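Q: Handing you this structure, nothing more for now.
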Amino acid sequence: KKYADSLVQFNNLLLEKQIAPKLKSDILRYAAETYLNSGNKIDGELIQYYDNFIRNIAENKITDKESLDYLDNISVKTGDFYYELKEYSKSYHYYSFVKNFGSQTSNSIEKFAIAAFNIKNYKDSSRLFNGLIINNKLKNSVTPKYYLYSGFCSYYLNNYEQAYSEIYKSGAFNSKNDNPEFNKIFGKLLIYKNEHKKAEPFLEFAVSKLK
């Protein structure tokens, strides 16, 4: 009841036309958090608060740290939400609002990169995966998946030498993969490097599945 009453008050305040932009962003933030605290999960109504907050920040060039930190928080949260639904275009859209992705977890950056890959934005996906690779190198441990996707991005960007090098580092040429499209890429890159015999099983598998 307490949360419901607060939410009504916040919604009434948002109906006022002459409301200062910073105050509006604060009210939208309080309304969104009240909605969550009242037992609701992320849904269309909550995302509407988030959308209005993001729009208000952008249109009025609000730059205080508290607002931008919240912007990053809700952008990642909404990006993750759509990522799990495999709605990669929406997921990428929200991740793109994050101002400071360097402070986010590798898991969220990886999702951003895969979302970019799935909407065929290979240039941005490559940038994100390369950032993950650099950060992992500093920890002396690079996740093979990062090299694999970075290699696919390089392939689609017609940089075959780099694609081969990155996929080689991922270990994918020496392991089994059930994705026929990936197998086709492996085979084509191996032929590019004149490794015809090694390319055969990858291409045979791809042909049998892509008929």
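Q: Which shape class applies to the chain: rounded if a/c is under 1.5, otherwise prolate when a/b exceeds b/c and oblate if not, where a ≥ b ≥ c are the square roots of the Cα gyration tensor eigenvalues?
A: Prolate is the answer for the chain, as a/c is 1.5 or above and a/b outweighs b/c.
Q: Turning to a different aspect of this structure: Report in % the part of the accessible area of the chain that belongs to carbon and sulfur, leaving out ligands and nucleic acids; probe 1.4 Å.
A: Carbon with sulfur: 51 percent of the solvent-accessible area.
Q: Identify the GluC sites (Glu not before Pro) of the stretch 1-84 meeting these criteria: DSSP loop state and at most 12 other C-beta atoms within 10 Å of the C-beta.
A: Qualifying residues, ordered by number: Glu16.
Q: Measure nothing fancy, just the Cα-based angle from helix 65-84's long axis to the longest principal axis of the chain, in degrees from 0 to 90, nearest 10.
A: The answer is roughly 50 degrees.
Q: In what order, largest first, do Lys22, Lys2, Lys197 sit by accessible area if the probe radius is 1.4 Å?
A: Result of the area sort, largest leading: Lys197, Lys2, Lys22.
Q: Spelling out what I want: for every residue of the stretch 20-35, take phi, set θ = phi - 60°, compute 6.51 cos²θ - 1.76 cosθ + 1.60 (Karplus), and round to whole Hz; glycine and proline get x.
A: Whole-Hz 3J(HN,Hα) from phi for the stretch 20-35: 4, x, 5, 4, 4, 5, 5, 5, 4, 5, 5, 5, 5, 5, 5, 4.
Q: For the stretch 167-184, in order, what is each residue's ³J(HN,Hα) by Karplus, 6.51 cos²θ - 1.76 cosθ + 1.60 with θ = phi - 60°, in whole Hz (x at glycine and Pro)?
A: Karplus values, whole Hz, x for Gly and Pro: 5, 4, 5, 6, x, 5, 5, 10, 9, 8, 9, 8, 8, x, 5, 5, 4, 4.
Q: If you average the sequence gap of Cα pairs under 8 Å that are 6 or more apart and divide by the length of the chain, what percent do you get for the contact order?
A: Taking the mean separation of contacting Cα pairs over the length of the chain, I get 10 percent.
Q: Need one word for the stretch 17-85: rounded, prolate or oblate. Basis is the Cα gyration tensor (sqrt eigenvalues a ≥ b ≥ c); a/c below 1.5 gives rounded, then a/b vs b/c decides.
A: It is prolate, given that a/c is not under 1.5 and a/b is the larger ratio.
Q: For the stretch 118-134, in order, what is each residue's ³J(HN,Hα) by Karplus, 6.51 cos²θ - 1.76 cosθ + 1.60 with θ = phi - 60°, in whole Hz (x at glycine and Pro)?
A: Ordered by residue, 3J(HN,Hα) equals 6, 9, 6, 8, 5, 5, 6, 4, 4, 4, 5, 5, 5, x, 5, 5, 4 Hz.
Q: If you don't mind, another one. Between rounded, prolate and oblate, where does the stretch 62-119 land on the alpha carbon gyration tensor, with a ≥ b ≥ c its root eigenvalues, rounded for a/c under 1.5, else prolate if a/b exceeds b/c?
A: Prolate, since a/c reaches 1.5 and a/b exceeds b/c.
Q: What whole-number distance in Å separates the alpha-carbon centres of the stretch 187-211 and the stretch 31-79?
A: Computed from Cα coordinates, the inter-centre distance equals 47 Å.
Q: Which of Phe173, Pro21, Phe101 sits closest to the plus end of the dipole of the chain, meaning its Cα is farthest towards the positive end, when Lys and Arg get +1 and Asp and Glu get -1 on the C-beta?
A: Phe173
Q: Assuming R0 = 35 Å, can you tell me the calculated FRET efficiency for the pair Tyr3 and Ser103, based on Cβ-Cβ distance, to the nearest 0.05?
A: After rounding to 0.05, the efficiency reads 0.75.
Q: Work out how much length His196 to Gln18 would gain on full extension: take 0.36 nm times their residue separation and subtract the Cα-Cα distance, in nm to one decimal.
A: Residue separation times 0.36 nm, minus the Cα-Cα distance, leaves 57.1 nm.
The values are calculated or read from the model by the stated rules, or taken from the named source; none is laboratory data. These figures come from a predicted structure and were not determined experimentally. So basically every Cβ, Gly included, is an ideal-geometry build from the backbone, and we count neighbours across all protein chains shown. With ligands, DNA and RNA removed, areas are computed over all heavy atoms of the protein, side chains included. Shrake-Rupley method; radii C 1.70, N 1.55, O 1.52, S 1.80 Å.
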